[in-house]
Amino acid sequence: MNETHVMSARLPADLHEWLRREAFETREPMNAIVVAALEERRARSGVRGRWVFHKDGDPLNNDPSNLEPR
């Protein structure tokens with residue numbers, strides 16, 4: 001069984017309302033939606049378990065030529 005950790009997060013009201021409605025409409029726990037979003041973000045980061053340095057300083061520029069694993 002995977003170990004889990006409890007944490008608190010502060011969400012803007014509109015994002016919380018979206019999450020609440022999404023959970024209701026899909027009959028999926030809010031936690032599961034948040035975990036899926038974090039896993040997707042981690043997968044997009046390109047290098048699991050490492051830090052990625054953005055050469056141009058723009059964290060939104062994920063062009064492979066702009067990324068340097070560290």
Rounded percent of accessible protein surface that carbon and sulfur make up, the chain, 1.4 Å probe: 55 percent
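In Å², what does the accessible area per residue of the chain work out to with a 1.4 Å probe?
With the other protein chains kept in place, the chain gives 96 Å² per residue.
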The chain, helix-only ellipticity at 222 nm - DSSP H runs n ≥ 4, -39,500 (n - 2.57), divided by all residues, nearest 500: -13500 deg cm²/dmol
Using alpha-carbon coordinates, inclination of helix 30-44 to the longest axis of the chain, degrees: 10 degrees
Sequence of Met30, Met7 when ordered by accessible area, the most exposed leading, probe 1.4 angstrom: Met7, Met30
Along each principal axis, Cα extent of the chain, largest first, Å: 41, 33, 21
Most to least accessible of Leu11, Leu19 (protein chains only, probe 1.4 Å): Leu11, Leu19
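The values are calculated or read from the model by the stated rules, or taken from the named source; none is laboratory data. Predicted model, so just to flag it, every value in this text is computed and none were measured. We work out accessible area using only protein heavy atoms, side chains counted, and drop any ligands, DNA or RNA first. Shrake-Rupley method; radii C 1.70, N 1.55, O 1.52, S 1.80 Å.
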